[in-house]
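FYI, it's all coordinate maths here, none of it is from the lab. On a predicted model such as this, the values are computed, not experimentally measured, just so you know. Positions of Cβ are backbone-derived with ideal geometry, glycine not excepted, and every protein chain shown enters the neighbour counts.
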Amino acid sequence: MLNLKNPLVVFDLETTGTNTSKDRIVEIALIKIFPDGKTKEKCRRINPGIPIPIETSLVHGIYDKDVKDEPSFNQVAKSMSDFLENCDLCGFNILQFDIPLLAQEFARVGIDFNTEKRNLLDAQKIFHMMEKRNLSAAFKFYTGEVLENAHSALADTRATMAVFMGQIAKYDQQTLSNLKGEVLGIIENDMNSLHLLLNKKMVDLAGRIIFNDQGKEVFNFGKHKGKLVNEVLQKEPSFYDWMMKGDFPLDTKKKLTQLRLNSFNK
């Protein structure tokens, strides 16, 4: 049983996207745990007032038709604020995503969602701190041994080799999914197959340009994120010059130049 002085609300949001300043809530689930151990659950869908992108709906399964008759956030904000009053908050990745987005929703309807006097407990931070994801941890996980002389180049290289071989042995013929649960393919003991599986969205090494779901090259940063590279270069030629003069890796500039040439030759 948790040692609580204040009620603790564990919550999670489903949203229209991942932009904490622009996207909206489409579903919110809350479980309030009282100091005496009793719990109270609330879960409801919300009409975001903007379309839900299809790629987002495919992740959480909530479509525009599912929320068209639901209340707006403005209509439920007061009762939600009351439910959260004087409560500490807990969730997974809430510091980076859920709390900023929730605060933005409250701000839009004129409610001050103050977090300064609340305890904020992010289960993801505990997970990352306690279950390390460095080479030493990977070596221990896949070999059962302790890595000696960590940060020595040769020791780290030998450890990486052991980790990679252990991964192939452990996951051969298993399905690989991304963090959204989307199936990417099957892990095989074949280097070309692995390369395609792990890097199929990558255009440049730095990830500034990637392939979208239609296999088209799009920018993956800044004001043109998600936009087709060839369309941006045609409508805003100065963006190419800006990138070429900017602090981007040579590989990125090389790939961008090739894409620019290809667009001219079409």
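Only Cα pairs within less than 10 Å get springs; with that Gaussian network setup on the chain, which residue of Glu105, Glu236, Glu188 has the largest fluctuation?
Highest fluctuation of the listed residues: Glu236.
With 21 Å as the limit, write out which pairs from Lys22/Lys216; Lys68/Lys223; Lys5/Lys117; Lys32/Lys117; Lys42/Lys125 have Cα-Cα distances beyond it, or answer none.
Flagged as over cut-off: Lys22/Lys216; Lys68/Lys223; Lys42/Lys125.
Rule-of-thumb check for segment 32-167: C-alpha Rg over 2.2 N^0.38 Å?
Working it through for segment 32-167, the quotient is 1.55.
Normalised by the number of residues in the chain, what is the relative contact order in percent for Cα pairs under 8 Å and 6+ residues apart?
Reported as a whole number, the value is 10 percent.
By the scheme Lys and Arg +1, Asp and Glu -1, what is the net charge of all other residues having a beta-carbon under 15 Å from that of Pro249?
+2
If you wrap the chain's Cα atoms in a convex hull and average its projection over all directions, what's the area in nm²?
Working: hull surface 81.0 nm².
Its average projected convex-hull area is 20.3 nm².
Need one number: nm distance between label points at Asn212 and His128, each 7 Å from Cα along Cα→Cβ, rounded to one decimal.
According to this spin-label approximation, the distance is 2.9 nm.
Please give the peptides 70-78, 141-149 ranked by average Cβ packing (other Cβ atoms within 10 Å per residue), highest first, as a rough proxy for protection.
70-78, 141-149
Share of antiparallel DSSP beta bridges in the chain, in percent to the nearest 5?
Working: 23 of 30 bridges.
Around 75 percent antiparallel, to the nearest 5.
What is the distance in Å between the Cα centres of segment 208-266 and segment 41-119?
35
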